[in-house]
Amino acid sequence: MPPTSTQPARLSEAPAGGVFRVVRVDAESQDADRLKAMGVCRGRRLSLIQNGDPLIVCVVGSRVGMSSRLADTVYVELECLPSPPSEA
Amino acid sequence: MSTAAPAPTPTKDAPLPVANDSGSAARGPVIALVGNPNSGKTSLFNRLTGLRAQTANFAGTTVEHRRGRVRIAGHSAELIDLPGLYSLDATTPDERVARQVVVGEGPVKPDALVLVIDATNLERNLFLASQLIEASRSTERPMLVALNMMDLATKHGVHIDRKKLEHDLGCPVLPVSARSGEGFSELNSAIGKLVGSPVGLPVQTQCACSGCAGCAFSRRYDWAESVARRAAGDPSVTLGRTTEKIDRFLTHRVVGLIGFAAVMFATFWTIYSLASYPMDWIEGLTASAGDLLGRWLPAGDFRSLIVDGIIGGVGGMLVFLPQICILFFMLSLLEDSGYLARAAFVMDRLMQRVGLPGKAFVPMLSAHACAIPAIMSTRVIEDRRDRLATILVLPLMTCSARVPVYALVIALLFSNSPVMAATVFTAAYALGIVAALAMAWLFKRTLLPGETRPLVIELPNYRLPSLRNALLQTYDRATVFIKNAGTTILLITFVLWAASTYPKTSFEDLTAEQQTTIIQLEEVGDTETAEHLMAEYSLEGSITGHIGQTIEPVFAPLGFDWKMSIGVVSSFAAREVIVSTLSVLYGLGDEVDHDQTATLTDRLRHSTHTDGTKVFSTAACLSLLVFYVLAMQCLPTQVVTKRETGSWRWTAFQFGYMTVLAYGAALVTYQTAAAFGLG
């Protein structure tokens, strides 16, 4: 994925190491509330630290583990992909 | 009660003036602690209250909280530690109650709010602050912010401008360290001044900048970010770096699992190696207390009640206390260090397959020591159905009370083959685990349908756990166990004692044949055997004995004779009792030590049915083993299930399904084994 891509992608399929902006959360209401309470909601910026199931994002200054089933419902836009991900 | 403005210098021992007349005046003001789950709120609470705190449920709910009386500025006040929450938009019952209390609709109405904020995680914690400031204003309850973990923040080069933060939040901000106690005298007097003071100046709590789009959540996060930036500059670069390094291993797909196995192994090794000493002391103490009282009290029913019933019952309960305490101590250390979140993280993928969340795994492992603390520790599971399913299957795990029963049966089967004995032991453990996972899978598909809540969990920075917190939590959990389980257990112990004592059998009630045997034994000077024989006849004649004999047909298809049936009945409240029951029934007296286990297995092995076939055939032994792996047979656990689920219905269901499962599995085992000629 090129660093300037603006095509929204699922967080579960995003490259590790990238910084993203959340464009949409499709989770059912209770899960969406839990995500929001952790800082994953539209307009927020997060970085993907480790992908897989579950994956780890860094959001609002702390690390949050999230199952990929839930990450499937989070659509993100790539903001930058600093260096090639350390774990390819 | 007066609602007047606070006097500047209240006279000593007079209650602090209260801001509202919610009836708290007599007991002093109520102050609620609010904060994120990892903000160190509980450490702060412990630091303020120490051993004076106790755990209680909010009226009408199963939601627990801790409360304690504190001396604030020379006066008595009540401090309440609310369940941790990230936002006031609650999703779990605990969060819901916390929210209700904060917005003034809860079962307690606080006079002031203290928000605990982790100084090393300012931005995230400020999100809740934005909501709390609004709540404080709308309910007209003053609040202040305790900026916790200041020592850690300073160490990592985070400098927080207190004045700016106070300005932005519109309330006092007190830098403290719950770990070192730094800043607590200031905090104490600030809380004292807070009660009854007017709420702070109005401040913005959401970002109103035109650039930010999105929902109220987003605007609050933007606000939190800008407030954090203004007060502390850019986030520290060194903070969390160690955590990142450690997590590269501990949350790794493969290494993480190995790490988890190692941590759990260490935990259980500690429990088993350390708990055996206090357990031995408790057993020793119980025995000598029984002995002492037995010598003091005149022989008779009263002595039997005190010695066999009450002391035996209480001892039987207390003997689990060391394991419960050590388990909670270790779990508290692991939680405080930040590791438990990782454990849930690495186990989540595997656990989801049976329909349980990753957070259910630690309780499941804990259940291998004792189901009671395991059930108590399921509170971390957010979803009610996930939690219920976990509670229901936890007692299937092989707890330490099953070990004596396994040991007895395995000694009967393979006393001279350590390899076979080890295999069967392992198989018994595996059967418990497989049954638990299978039942959880089944419950999640039938009784408690719905997808498992997907994991969302904060992975807090690792930090050195506090010994003080761990000890306080252990003390607290132990108290809860004794209080809740103790009273009920005592009652049931009494009932079971009565059932196995009455109606009494005297020498004259025995048949002529039995009388002759006893007389003969006494004549040759073997009074001990005579006494044991008398005890055997007495138990046979008691209510328990009659029940055992009546229900023998029920257990006959499992290969149990009437003595084994009595064993099952008598061990209804505590499974390990079957060992001593069989011991009594086979004429050995009720004290089973190591030498006597050997004697007992010898007796059992040679006992025969009236037709000459062996009672403890391979098939019957396997059947008995399977039954005890799967059957409930533990009253304290039931009491705790009732407490945690809030309903006797689930408790009864748990007992019912486990008994049916145990019966069915034992039946299949016996009939299959018998068909293969092992009967």
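Just so you know, all these numbers are worked out from the coordinates, no wet-lab data involved. Since the structure is predicted, the reported quantities are computational estimates derived from the model, not experimental observations. As a convention, Cβ positions derive from the backbone with ideal geometry for all residues, glycine included, and neighbour counts pool all protein chains shown.
Basic side chains Lys and Arg get +1 at the Cβ, acidic Asp and Glu get -1 at the Cβ, and with that the dipole of the protein assembly as shown about its Cα centre reaches some 3260 debye. Inter-chain neighbour count for A:37-46: the average number of beta-carbon atoms from partner chains within 10 Å of each residue's beta-carbon is 6.
For the peptides B:614-624, A:13-23, the ranking by mean Cβ contacts within 10 Å, running from highest to lowest, is B:614-624, A:13-23. Using the alpha carbons alone, the radius of gyration of the stretch B:25-232 stands to its Kirkwood radius in an Rg to Rh ratio of 0.95. Calculated FRET efficiency, B:D509 to B:W650, Cβ-Cβ distance, R0 = 45 Å: about 0.55 to the nearest 0.05. Highest mean packing first, where packing is the average number of other Cβ atoms within 10 Å per residue, the peptides B:150-160, B:104-114 line up as B:104-114, B:150-160. Calculated mean residue ellipticity at 222 nm for the protein assembly as shown: -17000 deg cm²/dmol, from DSSP H runs with n ≥ 4 weighted as -39500 (n - 2.57), summed, divided by the residue count and rounded to 500.
For the stretch B:25-232, averaging the sequence separation of C-alpha pairs within contact (under 8 Å, six or more residues apart) and dividing by the residue count gives a relative contact order of 21 percent.
Each peptide in B:187-199, B:273-285, B:59-71, B:38-50 receives the mean, over its residues, of other Cβ atoms within 10 Å, and ordering these scores from highest gives B:38-50, B:187-199, B:59-71, B:273-285. Legend: mean number of C-beta atoms from other chains within 10 angstrom of residue C-beta atoms, peptide B:118-127, equals 3. From the alpha carbon centroid of the stretch B:278-316 to that of the stretch A:25-88 is 60 Å. For the stretch B:25-232, DSSP calls about 40 percent of its internal beta bridges antiparallel. Only one residue of B:V495, A:V19, B:A266 has its Cα farthest out toward the positive end of the dipole of the protein assembly as shown, where Lys and Arg carry +1 and Asp and Glu -1 on Cβ, and that residue is A:V19.
Annotation: extensible slack from B:R253 through B:F302 equals 11.5 nm (criterion: 0.36 nm per residue apart, minus Cα-Cα distance). Peptide B:217-226 shows a mean partner chain C-beta count of 4 within 10 Å per residue C-beta. When only alpha carbons are used to place a centre, the stretch B:497-523 and the stretch B:170-194 end up 72 Å from one another.
Once the Cα-Cα distance is subtracted from the 0.36 nm per residue extended length, the B:V203 to B:R162 segment shows a gain of 13.2 nm. Helix A:29-38 and the longest principal axis of the Cα set of chain A meet at an angle near 60°.
In this calculation the C-beta distance from B:R468 to B:T550 is compared with R0 = 60 Å, giving a FRET efficiency of 0.65. The charge dipole of chain A, taken about its Cα centre with unit charges on the Cβ of Lys, Arg, Asp and Glu (plus for the first two, minus for the last two), comes to roughly 300 debye. Relative contact order of chain B, taken over Cα pairs closer than 8 Å and 6 or more residues apart, is 10 percent. Cα centroid separation, the stretch B:552-571 to the stretch B:23-89: 51 Å.
By the combined test of axial Cα extent (at least 27 Å) and Kyte-Doolittle hydropathy (mean at least -0.5), the qualifying DSSP H helices of chain B come to B:255-296, B:418-445, B:467-501, B:648-675. For chain B, the dipole from Cβ point charges (+1 on Lys and Arg, -1 on Asp and Glu) about the Cα centre works out to 3060 debye, to the nearest 20.
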